[in-house]
Amino acid sequence: MQIRLFAPALALMVMGWGSNQFAPLVVTYQLHAGLSVTDAQMLFVVSTAGLVPGLFLGGMASDRMGRRRVVLWSLGLLGLSTGVLWVSTAGGASLAGLTAGRLLAGLASGMGFSAGAAWVKECAVGAHGPRQAVTAMTLGFSGGPLVA
């Protein structure tokens, strides 16, 4: 892998990891924190409600401000959402905290995915950019749930 491709590919992997690490924890929230099945499903809907606009906003923002800046901002927002999720589960699951954390995570992931994929494509040599972006995201998508 080329050196200039490493940073955006690593960022995509981290965002894929962060966006999917939550999924296996839903069962834990149901078993140990008393979340209902409906509440757990709602958290996935909330995440998607942030993801979809994030995809559009991230693409437009990265066209104006640059891919790197939007990806770094998205990573920071994803870190903030992780903190909100951690705090909301520290003393038992708070549905309001989990909802806020998942909404932030969806927004951050969407913005980062669109800007990061474009950044990887621009840094790649030849026609391999889309494949390299998908590979980086897939490593993150699979690693997060596996570790969680």
Selection count, the stretch 31-42, where residues are without any contact (Cβ under 8 Å) to a residue 40 or more places away in the chain, outside any loop (DSSP other than H, G, I, E, B) and open to solvent by less than 60 Å² (accessible area, probe 1.4 Å): 1
From Ala23, Ala96, residue being among the small types (Gly, Ala, Ser) and open to solvent by 60 Å² or more (accessible area, probe 1.4 Å): Ala96
Output for the stretch 122-133, where each listed residue is in contact (Cβ under 8 Å) with a residue 12 or more places away in the chain and either among the small types (Gly, Ala, Ser) or in a helix (DSSP H, G or I) (or both): Glu122, Cys123, Ala124, Pro130, Gln132, Ala133
The stretch 116-137: number of residues that are open to solvent by 70 Å² or more (accessible area, probe 1.4 Å) and among the polar types (S, T, N, Q): 1
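The values are calculated or read from the model by the stated rules, or taken from the named source; none is laboratory data. All of these numbers come straight from a predicted model, not from anything done at the bench. FYI the Cβ positions are ideal-geometry reconstructions off the backbone, even for glycines, and counts take in every protein chain you see. Ligands, DNA and RNA are excluded from the accessible area calculation, which covers all protein heavy atoms including side chains. Shrake-Rupley method; radii C 1.70, N 1.55, O 1.52, S 1.80 Å.
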